[in-house]
Every structure is written in structure tokens, then in C-alpha cells.
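Enquirer: Okay, handing you the structure first.
The values are calculated or read from the model by the stated rules, or taken from the named source; none is laboratory data. This structure is a prediction, so every number in the text was calculated from the model and none was measured. Virtual Cβ from ideal backbone geometry, glycine too; neighbours counted across all protein chains shown. SASA here: full protein model, heavy atoms, side chains in, ligands and nucleic acids out. Shrake-Rupley method; radii C 1.70, N 1.55, O 1.52, S 1.80 Å.
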Amino acid sequence: MRCHAARGKANPFQAGIGRGGTGARVVLYSRRNAMVAITRELAAFVAGLRYESLPTTVQERTRFLILDLVGNMLRGRHEAESTPPLLAAARALGLTGGSAAVFGDSQRYTPAGAALINGAMAHSLDFDDTHAAGTLHPGAPVIPAALAAAEMTGADGKTVLAAIVAGYETTCRLALALPGGDHYDRGYHPTATGGAFGAAAAAGRVFGFTPAQMEDAFGIALSQAAGSLQFLANGAWTKRFQVGWSALNGLAAATIAREGFRGAGEAIEGKAGFLRAYAPNPKPERVLQDLGTAWELMQTAVKPYPSCRYGHASVDAALALRAELGLKLEEIESVIMGLPNKGMLLVGAPREYKQNPQNIVDGQFSGPFVVACALARGHFGWDSYAWLQDKDIRALMPKILPEEDADVQAEFPAFMSGKLTIKARGQSFVRHIKIPKGEPDNFLTEAELRAKFHGLADAVLGAERAKQLADAVIGLDQAGDVNALMRLGAPLVAQRMAGE
């Protein structure tokens, strides 16, 4: 079920009045018959959000999303190839030696260092949560910033959970207002850009900000919102880095605001604010639409496969057809992978490049690779990247042809659907997956989430300690502070890696 009220019509967005004789024009929109500034109302919502006021479904889902991300951070810390140089840079920048924790690490870091590294690790496996309509990953920038702020202040679990909800709502609503697709077309990565605001919201809520302080934090985050899609050109590690950096940016913005530093006003809706500067035709009214009654956090999906979400429906279809038909690889003549337009951008084109991935990032964004793994091995998980040079996978990928599909496009962005057409045995077999596994209307059960967590965490912590950590996350609402949880995220025996 979707946990929100029916979405109403967008309120009219109006350019408005001058402010204080400065000549600046404040962009306003009409809500409940009152003229309100978007940044100001969002700041008031974030500052006033309380865990007890959240629906029980939102409370539970938030804990599940944290559990999912913690598993990603643990495994990313030890297996992402980008980890050693990032840790070396953190040491060189003086981000070690503090009191904040990085999951999967026995060392301690400064709060900024922990936010950066946990955020980057959360996104390194491309196994973290997704928000389809916003085309982003809200958890990776928001949760590390909230946890780092909680370690700074000793905040209790309910405060941290409320802060994380505030961060998700901020990140996702900004993406919807851009909207995310137009933002992508300009070359921006909304997880990193909007994520800086979400991280600032989460950290500011942990700090107990007033609405005015939260406005300042948003104004400071505006100066730091960055993230480029150019990583797609060569499989660069900047996708992971810029998401971790947005977690750091948000924490820094909130910390600077806490000390009384003034941020830019109208950071979201202003003439040079986030929406107008970062997209050609924003829909600012979408930021506040049904705020506090429709929870965008509940529209967040969890990935069952560690790759770009646009390929997941096709993986579901490939696994289903393989099991149903008992196909042998030599029987497969061709495979049409039907995608929406935005999916083609990330996992389908250029076709020759996607059919020839050379590294993990290439593989994460290669529709032909993920479908080939599912068809050839009946499985796709983190260990599947060991098959990048496998001869069977290499032979199959040129037969897998990503194409924009009209039916799939018509369902986007409401659904992350996909269609797979396999030609074999002189026939065509078609499977259309409208709602892939892990989407809000096909969400993982707690047992499935715990299984995914243990599949990532046990190799780092051992099964028993991983279970203790999972239990601590699920019970976070009962915690007096996050310190015990964070301690459980460190291996009992330091595991030395290259670059440590």
C-alpha cells in the first residue's frame, strides 16, 4: 500500500513581492489561502517534525531503510575498489582521529570524515535505496549525515529517526520539483545535489534547529550543491564520492548555521535559488504539496540487485523466463531489453559500450551485463561482478539489445517497469514486469531485508555481530543514543586492507 493521501492538484505558483527594500524578488506560491515562502515553510516543517507524529508505517519503514543502507556501508567499506584512495585522502585531510564511526572500520574519524566516508560507501555498491519519481537515491546522503550529527550531540533514537524522515522528504521533494529528469538532462546527479539539502535537513533536525536556523542551513547548502553525470563517460568513481561529499556538505551546512552563520534566503525558490538555477522548467509548488500527509519516504524502493535500478525489472523478467522455460544459453538468439527513455540514458546507450563493460561501474550501468548474468547464472548479486570477463557472459551480451519501449515509457516514472523479449527455439517469449521487486508496492519483507543485510554484513562482522547490529537498527526507536549501534558496526578484529 502507498502511505499517503490522494495527491491533489498543484497549487498555482506565483512570482511575487519585494523584500525589505533590497530589490530582490521572492518567489511565492498560494497554499491554504495564505502566501508563503517555500524555503521558509519547508524549514518550519523539518524543524517541527516529531517521531511520535509520524504514521507507524513511516516509523517502521524508516528503520528498514536504515538497515538496508548500513549493510551497503559495511560491505562498501571493504570491497569497493575506490575505498583505499578515499581513506588515504581522508587521512591526508585530517579527517581521522575523531570520535565518529565509519561502518566496517575499527578506526574513528571526525564527524565530517564519517559523513563523507559512510556516504560514499553507502553508494559504492549501487545497492542502495531508490526513489523512482525523483530518479535518485535518498538514503546515502541523508542517513550518514544524521548519524554523524547524532554522534556529535548524543541524540536519542527517536530524534535521529525523525531527522532521517525530514531528510528523505527534503531530498525527494526537491527532486520532484526540479523535476529530476530535466535535472539529469542538464548533466546533474540529483542524489548529490538535492542530497546536500536533505543531509542539511537531517543534521539540522538532530541539532534541534529553529525554523530560522534551518533556513540558514538550506541557504548554506545551496552554495555546495554539486554532482555531475560525467562519471558515465569512463566508469569514474566520482558518482560515489559526490554522494559522500553531499552528506558532508549537509552536515557542514547545519554545523555552520548552528554557530550563527547566515545563509542565503529563499534558497529553494529564489531567482538564483536551487530550482531555477539547476533546471529549466521547475515546479516549485511540488516541494510543499501534501507536506506532512503524503510521505515520499514511503515511495522509496530497496534494491534486490546491486546495479542501476533501471535494469531491475529486466533482471526480474530474465530470472522468471529462465526458470519457466529452462533455457540454455545456446538456444538464445536475441534479447530485446525494453526500457524507458531515462533508463536508456543510463543502462542502454551507447549500445556498443553497454555491451562491453570493463569495470564494476560499467557493469552497474550495463543493461546487457545484468541481464546476461541473470540468464546465464540464474542469479545477480554483488559477487556477479567477478563475471565481467566470463566467456559465457561475454558471448551473450552482444545478443542483448536495449531499446526504448513505448509501453514501458508510458508507465514511467510512476513505475520502474521493463519488458524483456527473448527469441529462442523459433519463438518469442515476452515478460513485462510493471512493479519490480523492492518497489514500494512490492516491498521486501523484514525477513528479506535481513537476508540482504546478512549477505552484505556477515563477511565483515561475522554472523552473530551482524545480527546484533541489525537488531539495534530495528530497535533504534528505543535507543537513548546511537553510540551502541555505531560500536556494533566496527569489526571485532581490525581487518587490514590495502591503503589502510
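Enquirer: Going through region 153-193 one residue at a time, which ones are at pLDDT 95 or above and among the aromatic types (Phe, Trp, Tyr)?
Expert: Result: TYR168, TYR188.
Enquirer: All but one of (1) open to solvent by 10 Å² or more (accessible area, probe 1.4 Å); (2) without any contact (Cβ under 8 Å) to a residue 60 or more places away in the chain hold for LEU136; state the number of the condition that does not hold.
Expert: (1)
Enquirer: Have a look at GLU81, GLU52 and point out the one that is touching a helix residue (DSSP H, G or I) at 6+ places or on another chain (Cβ under 7 Å) and open to solvent by 40 Å² or more (accessible area, probe 1.4 Å). Please lay out each step first, then the result.
Expert: On the way: GLU52 fails: touching a helix residue (DSSP H, G or I) at 6+ places or on another chain (Cβ under 7 Å).
Residue meeting the stated conditions: GLU81.
Enquirer: Determine, yes or no, whether ILE220 is of a type in the set (A, V, I, L, M) and touching a Ser or Thr at 6+ places or on another chain (Cβ under 9 Å). Spell out how you get there, then give the answer.
Expert: Values: of a type in the set (A, V, I, L, M): yes; touching a Ser or Thr at 6+ places or on another chain (Cβ under 9 Å): no.
So ILE220 does not fit the description; no.
One line per residue, one yes/no per condition, for (1) under 27 Å from the mean Cα position of the chain (by Cα); (2) closer than 25 Å to SER228 by Cα; (3) not in a helix (DSSP H, G or I):
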site: ALA317; (1), (2), (3): yes, no, no
site: ILE336; (1), (2), (3): no, no, yes
site: VAL361; (1), (2), (3): yes, yes, no
site: VAL371; (1), (2), (3): yes, no, no
site: SER384; (1), (2), (3): yes, no, no
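Enquirer: May I pose another question? Scan region 415-422 and tell me whether some residue there is under 30 Å from GLY134 (Cα atoms), at pLDDT 95 or above and basic (Lys, Arg).
Expert: Checked region 415-422: at least one residue is under 30 Å from GLY134 (Cα atoms), at pLDDT 95 or above and basic (Lys, Arg).
Enquirer: Okay, next question. Is it true that ARG450 is assigned to a helix (DSSP H, G or I), at negative phi, in contact (Cβ under 8 Å) with a residue 40 or more places away in the chain and in contact with a strand residue (DSSP E or B) (Cβ under 8 Å, 6 or more places away or on another chain)? Step through it out loud before you land on a result.
Expert: Numbers: assigned to a helix (DSSP H, G or I): yes; at negative phi: yes; in contact (Cβ under 8 Å) with a residue 40 or more places away in the chain: yes; in contact with a strand residue (DSSP E or B) (Cβ under 8 Å, 6 or more places away or on another chain): no.
The answer is no for ARG450.
Enquirer: Which residue out of LYS399, LYS391 is over 21 Å from ALA233 (Cα atoms), open to solvent by 30 Å² or more (accessible area, probe 1.4 Å) and touching a residue at least 24 places away in the same chain (Cβ under 8 Å)?
Expert: Values: LYS391 fails: touching a residue at least 24 places away in the same chain (Cβ under 8 Å).
On inspection, the qualifying residue turns out to be LYS399.
Enquirer: Considering each residue of region 410-445, count those that are touching a helix residue (DSSP H, G or I) at 6+ places or on another chain (Cβ under 7 Å), open to solvent by 50 Å² or more (accessible area, probe 1.4 Å) and under 16 Å from ALA301 (Cβ atoms), and give that number.
Expert: So the answer is 3.
Enquirer: Something else: From the list GLY326, GLY367, GLY438, pick out the single residue that is on the phi > 0 side of the Ramachandran plot and touching a Lys or Arg at 6+ places or on another chain (Cβ under 7 Å). Write out each step before concluding.
Expert: Working: GLY326 fails: touching a Lys or Arg at 6+ places or on another chain (Cβ under 7 Å); GLY367 fails: on the phi > 0 side of the Ramachandran plot.
Result: GLY438 is the single residue among GLY326, GLY367, GLY438 that is on the phi > 0 side of the Ramachandran plot and touching a Lys or Arg at 6+ places or on another chain (Cβ under 7 Å).
Enquirer: Within region 84-103, is even one residue at pLDDT 95 or above and closer than 25 Å to TYR310 by Cα?
Expert: No.
Enquirer: Still on this structure, I have one more. Looking at ALA470, is it under 23 Å from the mean Cα position of the chain (by Cα), farther than 15 Å from VAL302 by Cα and modelled with pLDDT of 95 or more?
Expert: yes
Enquirer: Can you find a residue in region 178-194 that is open to solvent by less than 10 Å² (accessible area, probe 1.4 Å), of a type outside the set (D, E, K, R) and over 15 Å from ALA277 (Cα atoms)? Before you say what the answer is, go through the steps one by one.
Expert: Taking region 178-194 first, the residues open to solvent by less than 10 Å² (accessible area, probe 1.4 Å) are 178, 180, 183, 189-194.
Right, trim to of a type outside the set (D, E, K, R) and you get 178, 180, 183, 189-194.
The next check asks that each one be over 15 Å from ALA277 (Cα atoms); those that pass are 191-192.
Yes: region 178-194 contains one or more residues that are open to solvent by less than 10 Å² (accessible area, probe 1.4 Å), of a type outside the set (D, E, K, R) and over 15 Å from ALA277 (Cα atoms).
Enquirer: Can I ask one more? Being open to solvent by 20 Å² or more (accessible area, probe 1.4 Å) and on the phi > 0 side of the Ramachandran plot is the requirement here; does GLY208 meet it?
Expert: Considered against the rule, which asks whether it is open to solvent by 20 Å² or more (accessible area, probe 1.4 Å) and on the phi > 0 side of the Ramachandran plot, GLY208 comes out as yes.
Enquirer: Between a residue in region 100-125 that is farther than 18 Å from ALA155 by Cβ and any residue that is acidic (Asp, Glu) and crowded, with 24+ Cβ neighbours inside 10 Å, which pairs come within a Cβ distance under 8 Å, given they are 6 or more apart or on different chains?
Expert: Partner pairs satisfying both residue conditions: ILE117/ASP105; ALA122/ASP128.
Enquirer: If the Cβ limit is 9 Å and pairs must be 6+ apart or interchain, which residue in region 75-89 that is farther than 15 Å from GLY489 by Cβ pairs with which residue that is assigned to a loop (DSSP other than H, G, I, E, B) and among the acidic types (Asp, Glu)?
Expert: Cβ pairs passing all conditions: PRO84/GLU500; LEU87/ASP105; LEU87/GLU500; ALA88/GLU500.
Enquirer: Can you tell me which residue in region 405-414 is modelled with the highest pLDDT, limited to those that are hydrophobic (A, V, I, L, M, F, W, C) and under 22 Å from the mean Cα position of the chain (by Cα)? Step through it out loud before you land on a result.
Expert: Initial filter on region 405-414 (hydrophobic (A, V, I, L, M, F, W, C)): 406, 408, 410, 412, 414.
Right, trim to under 22 Å from the mean Cα position of the chain (by Cα) and you get 412, 414.
Working: PHE412: 90, ALA414: 83.
Ranking the candidates gives PHE412 first.
Enquirer: With respect to THR300, determine if the residue is within 30 Å of GLU446 (Cα to Cα) and out of contact with any helix residue (DSSP H, G or I) (no Cβ under 9 Å at 6 or more places or on another chain).
Expert: Numbers: within 30 Å of GLU446 (Cα to Cα): yes; out of contact with any helix residue (DSSP H, G or I) (no Cβ under 9 Å at 6 or more places or on another chain): no.
Against the criterion (within 30 Å of GLU446 (Cα to Cα) and out of contact with any helix residue (DSSP H, G or I) (no Cβ under 9 Å at 6 or more places or on another chain)), THR300 does not qualify.
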